Structures are given as structure tokens and as C-alpha cells.
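Nothing in this text is a laboratory measurement; each read-out follows from the coordinates by a stated rule. Since we're looking at a predicted model, the values are computed, not measured. Using ideal geometry, Cβ is built from the backbone for each residue, glycine included, and neighbour counts are taken over all protein chains shown.
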Amino acid sequence: MPHIGEKTAERLANHIFEFNEKDRQALVKAILEINNLKTCKRCFNLASRDLCAICEDKNRKNSVLAVVETPLHIAPLERAGYRGVYHVLGGLIASFLHDPNELHLKELLKRIEQDEIKEVILALDNSLEGETTAMYVIKEVKNQKSKVKISRLAQGLSTGSNLEYADETTVREALRGRREI
């Protein structure tokens, strides 16, 4: 599996071996449940039905839409207290990985128009591919002549980091994204 080396795999196997019968059966059941997962028809998150739990939640702020790369990027936003809705692109634009047409960009533009979205938050990685994708999405949304507000997650120094060890790009972004107190 990606990002799991030989030693980590051995530790996991040993840990599973030490499970009692009930825990082993629960693990097997959880793995088999993956067969029942599908993609949400609205946002492309993981779902057990046509719509994911977030899209079905009537208490969400449906006018604010966070654009993420994969379903894995939803959990940190949820833990941080975000209560809008999501749109999963299914990747980032990179010349050797994804053509923009392979991503769920057309569906995003359609949602912005049809669902009366007031703000799109680009919650993409701070990488060359994330930056390229963000610029492409911004251009497409503006070409749509939509009056939607577009914002990005703040970038720069993270809490607990030391200024003396930060590279110039990080410091530049921290200065650019500063906020009034």
C-alpha cells in the first residue's frame, strides 16, 4: 500500500495477529464494507447511498462550498468546525497526472450556478499542482460571470513553527495573508 513500508506492514500484521476473534471479525467486516461504498452524486465524496451524509445534512450551510482534492481532505476541515458543503475534484492539475477535463470541474461550475453558492473556498494543497489547480478554478469561475466570492485557505507560518527556520516563500505567504487584530 502507498506510504506503508515493510517494517510498518510487519507491525500492522503483528498487531492484527494479536487481535481477539471479535476484533478480527470486526476488521474483516469493515474491509468488506468497502464494497458498499460509492461516490456521492453531488459532491464526489465517499457515500453509502446516492448522496453522502454531508450532502444529506439539512443543517449544513449550503451557500458555502469548499473545494478539495480528495475525500481524505474533508476530515481535517470537519474537525476544524467547517459546516459548509464540499466538492471533491478527484485530483489536481499536473501535466503528468491530470488533464483538467479528468477532474470534476464541469460539475463544480454547474453546482455554483444551480445551488446558489455564495462563496467557494479553495482548500487545496499548498503545492505547485494545488496552485495551478486553484488558478484554473478561479479563471473558470470568473469566466462563468458568477458573482460568487472566491477565497483560499490562509497560507504561511503554522502555529508552533519557528520563524528562523521558515523558507522565504512561507514567510512571504504569511505576510501576504496576515490579518488585522
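Computed about its Cα centre, the charge dipole of the chain is approximately 880 debye, with only Lys, Arg, Asp and Glu carrying charge at their Cβ. Given axes a ≥ b ≥ c from the Cα gyration tensor, I'd like to know whether the chain is rounded (a/c under 1.5), prolate (a/b larger than b/c) or oblate. Because a/c hits 1.5 or more and a/b fails to exceed b/c, the chain counts as oblate.
If both residues of a DSSP beta bridge must be in the chain, then about 20% of such bridges are antiparallel.
Residue exposure proxy: 31, 121, ordered by other Cβ atoms within 10 angstrom of their Cβ from fewest to most, comes out as 31, 121. In terms of its alpha-carbon gyration tensor, region 1-94 comes out prolate; a/c meets the 1.5 threshold, and the first ratio a/b outweighs b/c. Projected label points at residue 145 and residue 115, each 7 Å from Cα along the beta carbon direction, are separated by 2.4 nanometres. Exposed loop sites, defined as chymotrypsin sites (Phe, Trp or Tyr not before Pro) outside DSSP H, G, I, E and B with at most 13 other Cβ atoms within 10 Å, are absent from the longest region of the chain, namely 97-181.
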